[in-house]
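Everything on this sheet refers to the single structure shown next.
The values are calculated or read from the model by the stated rules, or taken from the named source; none is laboratory data. Only a predicted model underlies this, so the values are computations on that prediction, with no experimental measurement involved. Methodologically, a virtual Cβ is constructed for each residue, glycine included, from the backbone with ideal geometry; neighbour enumeration extends over all protein chains shown. When the accessible area is computed, the model is the full protein with side chains, heavy atoms only, and any ligands, DNA or RNA have been set aside. Shrake-Rupley method; radii C 1.70, N 1.55, O 1.52, S 1.80 Å.
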2 protein chains.
Amino acid sequence: MQHLRENTVFVGNKPVMNYVLAVVTQFNNGAETVAIKARGKAISRAVDTAEISLNRFLDGVTKKDIVISTEMIDTDSGKTNVSSIEIVLENHK
Amino acid sequence: MQHLRENTVFVGNKPVMNYVLAVVTQFNNGAETVAIKARGKAISRAVDTAEISLNRFLDGVTKKDIVISTEMIDTDSGKTNVSSIEIVLENHK
(Lines give C-alpha, C1' and ligand atoms only; values in the text may rest on other atoms or scores of the structure.)
Protein backbone atom coordinates (compact mmCIF):
# COMPACT_ATOMS: atom_id res chain seq x y z
CA MET A 1 0.00 0.00 0.00
CA GLN A 2 1.32 3.40 -0.94
CA HIS A 3 1.97 6.01 1.72
CA LEU A 4 1.64 9.20 -0.26
CA ARG A 5 2.82 12.33 1.44
CA GLU A 6 -0.05 14.54 0.38
CA ASN A 7 -3.11 13.97 -1.78
CA THR A 8 -5.43 16.67 -2.97
CA VAL A 9 -9.17 16.73 -3.66
CA PHE A 10 -10.38 19.71 -5.70
CA VAL A 11 -13.98 20.54 -4.83
CA GLY A 12 -16.20 21.91 -7.60
CA ASN A 13 -19.89 21.84 -8.42
CA LYS A 14 -20.68 18.14 -8.14
CA PRO A 15 -22.72 16.71 -5.23
CA VAL A 16 -20.78 16.85 -1.98
CA MET A 17 -20.77 13.07 -1.48
CA ASN A 18 -18.60 12.69 -4.60
CA TYR A 19 -15.86 14.63 -2.83
CA VAL A 20 -16.40 12.90 0.50
CA LEU A 21 -15.91 9.58 -1.27
CA ALA A 22 -12.70 10.86 -2.86
CA VAL A 23 -11.32 11.97 0.53
CA VAL A 24 -12.25 8.74 2.30
CA THR A 25 -10.80 6.66 -0.54
CA GLN A 26 -7.47 8.46 -0.35
CA PHE A 27 -7.18 7.78 3.38
CA ASN A 28 -8.19 4.15 2.85
CA ASN A 29 -5.40 3.92 0.26
CA GLY A 30 -2.88 4.91 2.91
CA ALA A 31 -2.64 8.69 2.59
CA GLU A 32 -1.22 10.38 5.70
CA THR A 33 -2.74 13.74 4.77
CA VAL A 34 -5.41 14.83 2.31
CA ALA A 35 -5.80 18.46 1.20
CA ILE A 36 -9.30 19.62 0.24
CA LYS A 37 -9.13 22.68 -2.02
CA ALA A 38 -11.80 24.95 -3.50
CA ARG A 39 -12.31 28.41 -4.95
CA GLY A 40 -15.22 30.85 -4.98
CA LYS A 41 -18.68 29.50 -4.28
CA ALA A 42 -17.34 25.94 -3.96
CA ILE A 43 -15.65 26.94 -0.68
CA SER A 44 -18.84 26.13 1.26
CA ARG A 45 -18.90 22.67 -0.29
CA ALA A 46 -15.25 22.11 0.65
CA VAL A 47 -16.13 22.79 4.29
CA ASP A 48 -19.09 20.40 3.99
CA THR A 49 -16.76 17.79 2.49
CA ALA A 50 -14.34 18.05 5.40
CA GLU A 51 -17.03 18.03 8.07
CA ILE A 52 -19.00 15.10 6.61
CA SER A 53 -15.80 13.08 6.05
CA LEU A 54 -14.63 13.66 9.62
CA ASN A 55 -17.96 13.23 11.37
CA ARG A 56 -19.35 10.25 9.50
CA PHE A 57 -16.57 8.28 7.82
CA LEU A 58 -13.09 8.85 9.21
CA ASP A 59 -11.79 7.59 12.53
CA GLY A 60 -8.48 8.92 13.86
CA VAL A 61 -8.38 11.74 11.33
CA THR A 62 -8.31 15.38 12.41
CA LYS A 63 -8.04 18.84 10.87
CA LYS A 64 -4.37 19.71 10.58
CA ASP A 65 -4.56 23.12 8.97
CA ILE A 66 -7.00 25.52 7.33
CA VAL A 67 -5.69 28.26 5.04
CA ILE A 68 -7.64 30.88 3.11
CA SER A 69 -6.11 33.05 0.41
CA THR A 70 -6.81 35.12 -2.68
CA GLU A 71 -5.93 33.86 -6.17
CA MET A 72 -5.83 35.91 -9.35
CA ILE A 73 -7.39 34.08 -12.27
CA ASP A 74 -7.72 34.92 -15.97
CA THR A 75 -11.20 35.19 -17.41
CA ASP A 76 -12.55 36.29 -20.77
CA SER A 77 -13.10 39.75 -19.32
CA GLY A 78 -9.60 40.08 -17.82
CA LYS A 79 -7.99 39.17 -14.51
CA THR A 80 -10.13 38.79 -11.42
CA ASN A 81 -9.55 37.87 -7.79
CA VAL A 82 -11.16 34.82 -6.23
CA SER A 83 -10.99 33.54 -2.67
CA SER A 84 -9.73 30.03 -2.04
CA ILE A 85 -9.54 27.59 0.85
CA GLU A 86 -7.31 24.63 1.65
CA ILE A 87 -8.33 22.26 4.43
CA VAL A 88 -5.69 19.67 5.33
CA LEU A 89 -6.81 16.52 7.13
CA GLU A 90 -4.33 14.22 8.87
CA ASN A 91 -4.52 10.54 9.76
CA HIS A 92 -3.02 9.72 13.17
CA LYS A 93 -3.12 5.94 12.86
CA MET B 1 -12.24 54.62 22.41
CA GLN B 2 -13.45 51.21 23.45
CA HIS B 3 -11.10 48.25 23.31
CA LEU B 4 -13.54 45.39 23.02
CA ARG B 5 -12.09 41.94 23.47
CA GLU B 6 -13.92 40.33 20.61
CA ASN B 7 -16.43 41.57 18.07
CA THR B 8 -18.36 39.38 15.70
CA VAL B 9 -19.66 39.92 12.18
CA PHE B 10 -22.28 37.40 11.05
CA VAL B 11 -22.14 36.97 7.26
CA GLY B 12 -25.40 36.23 5.46
CA ASN B 13 -26.84 36.89 2.01
CA LYS B 14 -26.19 40.63 1.62
CA PRO B 15 -23.51 41.97 -0.75
CA VAL B 16 -20.01 41.19 0.53
CA MET B 17 -19.02 44.86 0.90
CA ASN B 18 -21.64 45.28 3.64
CA TYR B 19 -19.71 42.79 5.75
CA VAL B 20 -16.31 44.20 4.79
CA LEU B 21 -17.51 47.60 5.99
CA ALA B 22 -18.69 46.06 9.27
CA VAL B 23 -15.30 44.41 9.87
CA VAL B 24 -13.28 47.53 9.00
CA THR B 25 -15.53 49.69 11.18
CA GLN B 26 -15.03 47.43 14.20
CA PHE B 27 -11.24 47.64 13.86
CA ASN B 28 -11.44 51.41 13.39
CA ASN B 29 -13.47 51.54 16.62
CA GLY B 30 -10.58 49.92 18.47
CA ALA B 31 -11.37 46.21 18.34
CA GLU B 32 -8.32 43.97 18.92
CA THR B 33 -9.95 41.00 17.25
CA VAL B 34 -12.95 40.57 14.97
CA ALA B 35 -14.59 37.20 14.37
CA ILE B 36 -16.28 36.64 11.00
CA LYS B 37 -18.88 33.86 11.23
CA ALA B 38 -21.08 32.18 8.64
CA ARG B 39 -23.06 29.00 8.03
CA GLY B 40 -23.92 27.00 4.92
CA LYS B 41 -23.66 28.72 1.56
CA ALA B 42 -22.62 32.00 3.23
CA ILE B 43 -19.26 30.42 4.14
CA SER B 44 -17.81 31.42 0.76
CA ARG B 45 -18.86 35.02 1.38
CA ALA B 46 -17.24 34.96 4.83
CA VAL B 47 -13.93 34.00 3.22
CA ASP B 48 -14.40 36.79 0.66
CA THR B 49 -15.11 39.21 3.52
CA ALA B 50 -11.89 38.29 5.31
CA GLU B 51 -9.74 38.37 2.17
CA ILE B 52 -11.09 41.70 0.87
CA SER B 53 -10.83 43.31 4.33
CA LEU B 54 -7.22 42.18 4.74
CA ASN B 55 -6.01 42.86 1.21
CA ARG B 56 -7.66 46.19 0.55
CA PHE B 57 -8.56 47.94 3.79
CA LEU B 58 -6.70 46.75 6.88
CA ASP B 59 -3.07 47.42 7.68
CA GLY B 60 -1.38 45.52 10.51
CA VAL B 61 -4.23 43.01 10.75
CA THR B 62 -3.66 39.28 10.19
CA LYS B 63 -5.58 36.02 10.34
CA LYS B 64 -5.36 34.69 13.87
CA ASP B 65 -7.43 31.55 13.60
CA ILE B 66 -9.79 29.71 11.25
CA VAL B 67 -12.17 27.10 12.64
CA ILE B 68 -14.74 25.00 10.80
CA SER B 69 -17.42 22.96 12.55
CA THR B 70 -20.84 21.39 12.20
CA GLU B 71 -23.90 22.91 13.87
CA MET B 72 -27.27 21.25 14.34
CA ILE B 73 -30.13 23.59 13.56
CA ASP B 74 -33.91 23.24 13.85
CA THR B 75 -35.96 23.63 10.71
CA ASP B 76 -39.62 23.09 9.90
CA SER B 77 -38.77 19.60 8.69
CA GLY B 78 -36.74 18.63 11.77
CA LYS B 79 -33.12 18.92 12.83
CA THR B 80 -30.42 19.23 10.20
CA ASN B 81 -26.65 19.63 10.19
CA VAL B 82 -25.00 22.68 8.67
CA SER B 83 -21.31 23.52 8.32
CA SER B 84 -20.00 26.73 9.80
CA ILE B 85 -16.82 28.77 9.74
CA GLU B 86 -15.25 31.28 12.11
CA ILE B 87 -12.38 33.44 10.85
CA VAL B 88 -10.71 35.52 13.57
CA LEU B 89 -8.71 38.57 12.50
CA GLU B 90 -6.29 40.26 14.88
CA ASN B 91 -4.94 43.80 14.95
CA HIS B 92 -1.23 44.02 15.88
CA LYS B 93 -1.05 47.78 16.30
Determine how large the accessible area of A:Val67 is when every protein chain is in place; take a 1.4 Å probe and give Å² rounded to the nearest 10.
-> 70 Å²
Percentage relative contact order, chain B, counting C-alpha pairs under 8 Å, at least six apart = 31 percent
Taking a label point 7 Å out from Cα toward Cβ, give me the nm distances from B:Gly78 to the same spot in the other copies, shortest first, one decimal.
-> 5.1
Unit-weight point scatterers at every alpha-carbon of the protein assembly as shown, Debye formula, q = 0.15, 0.17, 0.20 1/Å: log10 I(q)/I(0) is -0.91, -1.09, -1.31
The rounded separation in angstrom of the Cα centers of the stretch B:41-61 and the stretch A:38-93 is 16 Å
Other-chain or far-sequence residues with amide H under 5 Å of A:Glu32's (modelled H) | A:Leu4
With a 1.4 angstrom probe the carbon and sulfur portion of accessible area for the protein assembly as shown, in percent, totals 48 percent
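For the protein assembly as shown, with only Lys/Arg (+1) and Asp/Glu (-1) charged at the beta-carbon, what is the dipole magnitude about the Cα centre, in debye rounded to 20? Before the final figure, lay out each step's value.
Numbers: 22 positive and 22 negative charges, 44 e Å.
Dipole of the protein assembly as shown, to the nearest 20 debye: 220 debye.
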Computed FRET efficiency, Cβ-Cβ of A:Lys41 and B:Phe57, R0 30 Å: what is it to the nearest 0.05?
-> 0.85
Note the distances from A:Phe57 to each other copy's matching label point, with points 7 Å along the Cα-to-beta-carbon direction, in nm, sorted shortest first.
-> 3.8
Taking all protein chains together and a probe of 1.4 Å, list B:Arg45, B:Arg56 from the most accessible to the least accessible.
-> B:Arg56, B:Arg45
Rotationally averaged projected area of chain B (alpha carbon convex hull; nm²) = 6.3 nm²
For A:Pro15, go 7 angstrom from Cα along the Cα-to-Cβ vector, then report the distances to that same point in the other copies in nm, smallest first.
-> 3.7
